[in-house]
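*Asks:* Dropping a structure here in structure tokens format, bear with me for questions.
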Amino acid sequence: MTETEYRSRQPFAVMAKPVGSFCNLRCSYCYYLKADEQHPIAREYLMSDEVLEKFIREYIQNNPAGTIPFTWHGGEPTLAGLPFFRRAAELQRKYLPAGKTVWNNLQTNGTLLTDEWCAFLAENHWDVGLSIDGSAAVHDKYRRDAGGQATFERVRKACLRLKRHGVLPDLLCTVTADSAADPLAVYRGLRELETGWVQFIPIVRWTKADGSIRDTAENAGLTADTGAVPHIGFASAAGSVPGTGSAPPVTPESVTGKAFGKFLCTVFDEWASNDIGRIDVQLFAETCEMIAGGEPRLCTLGETCGRVLVLEADGSVYACDHFVQPEYRLGSILEQNLAELADLPAQLAFGQAKRDMLPAKCRACSWLRLCRGGCLKDRYSPAAGSVPIHWLCEGYEMFYAHAVPDLTALAGFLRQGMRPAEAAAAMRARRNVQWKGVGRNDPCPCGSGLKFKNCHGRK
């Protein structure tokens, strides 16, 4: 069996967008901002019952997974209205065969969640991903509504409302230049909500030489040969190389690799000291799982990608949530079977490009086994003709050097049958013994390249 044949038989996931990119907020860093102007497929509309039913039927029938994951995304999916989602749940029950289950996840900004909404989510056992950026100061700088009003307090109340109904939302927190500058305030703000799960999403938005926004496919240089496999090349992000002093090819709110790395290391130390067993942080949990020999659930950490498609409201299917551009339109479920679209040669090649287009620097890196080269959307060439690299590479190197020794010990303690609190205590004791006598200005023994006082020696 060839690799392509093998991959075509693997489970796939679909991110469904009931109202396309339409949203009641105007988050300044959102990659769907003005998408309706740039790409006609993303205009405001509601998914028809015909598209909804065909999607649910074919997705369940053609997906070999025992649990079929449904992710409802946007824009803001709750703008579709509660009747739309009641209908979706009804269709899932109609087409679900014996022996299989469904898992639903609603990704929302939370501002429209009423008690009726929360009751529906609780009764049907839907998970919720709630977008909130930690502290009010950071959140309200970027996440404002169409009228320019702050939204942090509305989202916080939505979180409390969900909890009253027995739903513990996953907290989705973007990492911008501002939040990276105050990691403890951001993390502690999320911790205070006591939901048990936090996911950090770095913001990287590319710009052109004139300062206008460059879309993801244009930046990466990904283009599709007519009717065939994508031709992958990486365009220069006009401007420059991080650290040279020249203007970076990203927007001001975008986080740099170095800032992202410091953010992760600071949060990790806070989490390792106080919150193991109480809060799961996605990247920490995924890294620990991979160290223990498991496979990541997060697509950006997979060796290849391409098995998470996007369904727009009109039935159009795209390669990836970050590549909803005309050249990455696979087709329409109104004209083709969903499984056929998932297994198109162009889509399989798109996913394999994540591994096949790795630069030599990545292939020689000791952390490749964990980061897998990062997401395609964040790769760029610092100068014309240069080898493409990952914008956040420096940050991931910093984080892995800092955290992997502790996460390796933690994974070992958990395999021995220790409870999380016991494993955390054992890990901290190991750290104290291992680094006893290291001076504040000595290089940190973890290998991060930082002084001990700026790394594991921080209080």
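*Asks:* Out of the stretch 284-361, which trypsin sites (Lys or Arg not before Pro) are coil in DSSP terms and have no more than 13 other C-beta atoms within 10 Å?
*Replies:* Filter output for the stretch 284-361: Arg297.
*Asks:* Find the accessible area per residue for the stretch 245-321; the probe is 1.4 Å, ligands and nucleic acids are left out, and the unit is Å².
*Replies:* Per residue, the stretch 245-321 has an accessible area of 34 Å².
*Asks:* Here's another thing I want to ask about it. Counting only heavy atoms of protein chains, what accessible area per residue, in Å², does the stretch 74-162 have with a probe of 1.4 Å?
*Replies:* 41
*Asks:* Using a/c under 1.5 as the rounded threshold, could you call the stretch 89-208 rounded, prolate or oblate? The axes a ≥ b ≥ c are square roots of the C-alpha gyration tensor eigenvalues, and prolate needs a/b larger than b/c, oblate otherwise.
*Replies:* Taking the square roots of the gyration eigenvalues as a ≥ b ≥ c, the stretch 89-208 is prolate.
*Asks:* So if I take the alpha carbon set of the stretch 329-426, get Rg, then get Rh from the Kirkwood formula, what is the Rg over Rh ratio?
*Replies:* Looking at the stretch 329-426, the ratio lands at 1.16.
*Asks:* What do you get for GluC sites (Glu not before Pro) in the stretch 255-344 restricted to DSSP loop and a cutoff of at most 14 other Cβ within 10 Å of the site's Cβ?
*Replies:* Taking the stretch 255-344 and a limit of 14 other Cβ atoms within 10 Å, the loop GluC sites (Glu not before Pro) found are Glu335.
*Asks:* Further, regarding this structure: Sequence-distant or interchain residues sharing an amide H contact under 5 Å with Arg329, placed H: which?
*Replies:* Amide H neighbours of Arg329, under 5 Å, 5+ apart: none.
*Asks:* Of the heavy-atom accessible surface of the stretch 73-220 (probe 1.4 angstrom), what whole percent is carbon and sulfur?
*Replies:* For the stretch 73-220, the apolar C and S fraction of the accessible surface comes to 50 percent.
*Asks:* Next question. If amide hydrogens are placed 1.01 Å from N in the peptide plane, which non-local residues have theirs closer than 5 Å to the one on Val102?
*Replies:* Counting only residues 5 or more places away or on other chains, the set is Ile68.
*Asks:* If you don't mind, there's one more thing I want to ask. I'd like the FRET efficiency for Leu334 and Glu295, computed as 1/(1 + (r/R0)^6) with the beta carbon distance as r and R0 of 45 Å, rounded to 0.05.
*Replies:* 0.85
*Asks:* Continuing with this model, one more query. At a Cα cut-off below 30 Å, give the lysines reachable from Lys100, other chains included and same-chain residues fewer than 8 away excluded.
*Replies:* Here the lysines satisfying the reach criterion relative to Lys100 are Lys17, Lys54, Lys163.
*Asks:* While we're looking at this one, here's another question. Mind listing the long-range amide H neighbours of Cys23? Cut-off is under 5 Å, sequence gap 5 or more, other chains count too, H placed in the peptide plane at 1.01 Å from N.
*Replies:* For Cys23, the qualifying residues are Glu76.
*Asks:* State the Cα centre-to-centre distance between the stretch 111-184 and the stretch 58-108 in whole Å.
*Replies:* The stretch 111-184 and the stretch 58-108 have Cα centres separated by 22 Å.
*Asks:* Extension gain Arg161-Trp103, at 0.36 nm per residue separation less the Cα-Cα distance, in nm?
*Replies:* Roughly 18.7 nm would be gained on extension.
The values are calculated or read from the model by the stated rules, or taken from the named source; none is laboratory data. Please read these numbers as outputs of a predicted model, since none were measured by experiment. Here Cβ is always computed from backbone atoms with ideal geometry, including for glycine, and neighbour counts include all displayed protein chains. What goes into the accessible areas is simple: the full protein's heavy atoms, side chains included, and nothing from ligands, DNA or RNA. Shrake-Rupley method; radii C 1.70, N 1.55, O 1.52, S 1.80 Å.
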